[in-house]
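Working notes, structure below.
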Amino acid sequence: MTEFVDVVIVGAGISGISAAWHLQQECPTKSYVILERRENIGGTWDLFRYPGIRSDSDMFTLGFRFKPWRSTQWIADGASIKSYIREAAVENGIDKHIRYGQRVVAADFSDEDNRWTVTIEHDGVQSTIQAGFVMACSGYYNYDQGYTPDFPGIENFGGTVVHPQQWPEDLDYAGKKVVVIGSGATAVTLLPALVDSGVGHVTMLQRSPTYIGVLPGVSPVAPKANKYLPSKAANTVNRWYAIGVSSMQYRLARRFPKNFRKALLTMAKRQLPAGYDVEGNFGPDYNPWDQRVCLAPDGDLFRSIRSGKADVVTDRIDHITETGIQLASGKHLDADIIVTATGLTLQLFGGATISRNGEVVDPGQRLAYRALMLEGMPNAAFTFGYVNASWTLKADLVSQYVCRLLNYMDQNGYTTVEPVTPSGDVQRLPFTDMSSGYFARAQHILPQRGSKGPWQIKHDYFRDINSLRRTPIATPELRFGRQRAAVSASSATGAAATASTRRPRRGSCGRSSRGTCRCRRARCW
């Protein structure tokens, strides 16, 4: 017989561990399993191995709300983050629910059975598992390959070409000339890491500049908070300070883009050699946060440039030669190693084929309800983090909302829920208005957002706190359904009794007592 669980979670990274923890806390009677295609926990932080790999969000918000980040460091390296995720899983018994090497290749929802059939591939052999609900926590990019443009003449290069997503562990770059093509977070991370690791010289070659913000390596408040406050209070202070700083900076950047741009360029100018072309190399022709603002902890990128072992070149590639890169300006960059830090290839649901009653669903043609469910797709949710704040902030909110939804369905005898097509006055828009290359290339596969209501996507944590934690579950945009089969009076009574034992441990009002919310307001269920 095919195995059945209440919830299948796809992915054992930050989103998957968050989903599992909230299920255990808020829906303790629900059975679940985590299907992870890799052989280790950690997701992104197990995949990337290039020098200097680190978070591009502060750890007080990238860390889980239920497991405080105890260090005073804002930014952490990849190995520390992976270890932190594993600790969170082991401490809460989540690791016992993870099945490794399980690649989800397809998922089909049956209206007749009111359940999902998930097809898994392991060591070339396929099997299935059925579930009442599926949570896609596998991120938004292809783990198998990154994005690399077609560079003319690349086949003639006599050195080594490597993409950061497939960084060889035995790559020897000591004393060599390295050109990193790209200007995003990966390139900004690689340049100082390579300099510190003994590279001969490294050049970051960018087609267009990127804004660089400087963040202190140590939180301004964490050392004193950790020293003088109880652990729980210190975590609250550290976390909300980080949320407040990032939120304020983003709002200021969007409201006063010219002033914010000037501040970023002034900051860069102060840390670079006199006469350096700051505008040409760090002054994009778009406003801050039209694309992500990259972080340089303690100004490490600028420090590397000052050392003379690194530089930034803004130009276009004409072609690749045997010894390096010929630029459109006529300049030639000599290289022993070319690193193509040229971006990600986006995909949803880990590349699995999603269908309903055997008919394939195209997410690019569906609206996203509250940025976590697809129009016309029953009993499924996905996690897509913020583009302007840490991924975990959104992951935790999505997990909380799904748990509220599952409890509401149990208490009302529902077995299915799906967002329904809105009225015609809701305009369909691209998922995000970010102009970053990897988003622009993937707009056709990303869900759409609506012009109003719960179909909007604001990337605003404070707005989402209200939307996902506090607003009523039952809305006109959601359609709930029951089992089609007739239920006898006795079995219905039994079902009601079962539902009553599945109340959440606490309502969103926070007034909880032994698993039952005292206020009993609808919004808490």
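The values are calculated or read from the model by the stated rules, or taken from the named source; none is laboratory data. Nothing here was measured: the structure is a model prediction, and the numbers come from that model. Quick reminder, even Gly has a Cβ in these numbers, built from the backbone with ideal geometry, and neighbours come from all protein chains shown. Side chains are part of the model used for accessible areas, which takes the heavy atoms of the whole protein and leaves out ligands, DNA and RNA. Shrake-Rupley method; radii C 1.70, N 1.55, O 1.52, S 1.80 Å.
The residues of the stretch 271-316 that are of a type outside the set (D, E), open to solvent by 10 Å² or more (accessible area, probe 1.4 Å) and on the phi > 0 side of the Ramachandran plot, listed by number, are G275, W289, G308.
The set of residues from the stretch 14-30 being open to solvent by 10 Å² or more (accessible area, probe 1.4 Å) and of a type outside the set (S, T, N, Q) comprises I14, W21, E26, P28, K30.
Which of the residues spanning the stretch 56-88 are assigned to a helix (DSSP H, G or I) and farther than 17 Å from G244 by Cα? Those that are assigned to a helix (DSSP H, G or I) and farther than 17 Å from G244 by Cα: G78, A79, S80, I81, K82, S83, Y84, I85, R86, E87, A88. Only one entry of L446, L468 meets the criterion of being at pLDDT 70 or above and not in a loop (DSSP other than H, G, I, E, B), and that entry is L468.
Listed by first and then second residue, the pairs linking a residue in the stretch 439-454 that is surrounded by fewer than 14 Cβ atoms within 10 Å (Cβ to Cβ) to a residue that is among the basic types (K, R), with Cβ atoms under 8 Å apart and 6 or more places separating them unless they lie on different chains, are S451/R428.
Residue by residue, here is whether (1) at pLDDT 95 or above; (2) touching a Gly at 6+ places or on another chain (Cβ under 8 Å); (3) β-branched (V, I, T) holds:
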| site | (1), (2), (3) |
| --- | --- |
| V134 | yes, no, yes |
| Y141 | no, no, no |
| Q145 | no, no, no |
| Q165 | no, yes, no |
| V180 | yes, no, yes |
| S183 | no, no, no |
| L194 | yes, yes, no |
| G217 | no, no, no |
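Can you name every residue in the stretch 150-179 that is assigned to a loop (DSSP other than H, G, I, E, B), within 17 Å of G200 (Cβ to Cβ), in contact (Cβ under 8 Å) with a residue 40 or more places away in the chain and open to solvent by 60 Å² or more (accessible area, probe 1.4 Å)? Listed by number, the residues that qualify are G158, K176. Does V313 satisfy the condition of being in contact (Cβ under 8 Å) with a residue 24 or more places away in the chain, of a type outside the set (D, E) and in contact with a helix residue (DSSP H, G or I) (Cβ under 9 Å, 6 or more places away or on another chain)? So V313 fits the description; yes. Within the stretch 180-239, restricting attention to residues that are assigned to a strand (DSSP E or B) and not hydrophobic (A, V, I, L, M, F, W, C), the residue that is most open to solvent (accessible area, probe 1.4 Å) is H201.
Annotation: E121 fulfils all but one of (1) open to solvent by 10 Å² or more (accessible area, probe 1.4 Å); (2) touching a strand residue (DSSP E or B) at 6+ places or on another chain (Cβ under 6 Å); (3) within 24 Å of S15 (Cβ to Cβ); (4) touching a residue at least 40 places away in the same chain (Cβ under 8 Å); the unmet one is (4). Taking the listed residues V90, V105, V33, the one that is surrounded by fewer than 23 Cβ atoms within 10 Å (Cβ to Cβ), closer than 26 Å to A222 by Cβ and of a type in the set (V, I, T) is V90, with no other qualifying. Return yes when T340 is β-branched (V, I, T), open to solvent by less than 10 Å² (accessible area, probe 1.4 Å), closer than 30 Å to Y84 by Cβ and touching a strand residue (DSSP E or B) at 6+ places or on another chain (Cβ under 7 Å) and no when it is not. Criteria met by T340. Among strands (runs of 3 or more DSSP E) entirely within the stretch 338-435, having at least 3 residues that are of a type in the set (A, V, I, L, M, F, W, C) and within 26 Å of V118 (Cα to Cα) singles out 380-382. Restricted to the stretch 60-81, and to residues there that are under 20 Å from G385 (Cα atoms) and either without any contact (Cβ under 8 Å) to a residue 24 or more places away in the chain or not hydrophobic (A, V, I, L, M, F, W, C) (or both), the residue that is most open to solvent (accessible area, probe 1.4 Å) is R65. Quick one: would you say A253 is surrounded by 14 or more Cβ atoms within 10 Å (Cβ to Cβ), under 28 Å from S197 (Cβ atoms), out of contact with any Lys or Arg (no Cβ under 8 Å at 6 or more places or on another chain) and not charged (D, E, K, R)? No; evaluated as a whole, the condition is false for this residue. Looking across the stretch 390-415, the residues that are open to solvent by 20 Å² or more (accessible area, probe 1.4 Å) and more than 30 Å from F60 (Cβ to Cβ) come down to Y408, D410, Q411, N412, G413, Y414, T415. Under the condition of being in contact with a strand residue (DSSP E or B) (Cβ under 9 Å, 6 or more places away or on another chain) and in a loop (DSSP other than H, G, I, E, B), the residues counted in the stretch 1-41 number 13.
Exactly one of (1) open to solvent by 20 Å² or more (accessible area, probe 1.4 Å); (2) closer than 20 Å to P447 by Cβ; (3) under 21 Å from the mean Cα position of the chain (by Cα) is unmet by V387. Its number? Condition not satisfied by V387: (1).
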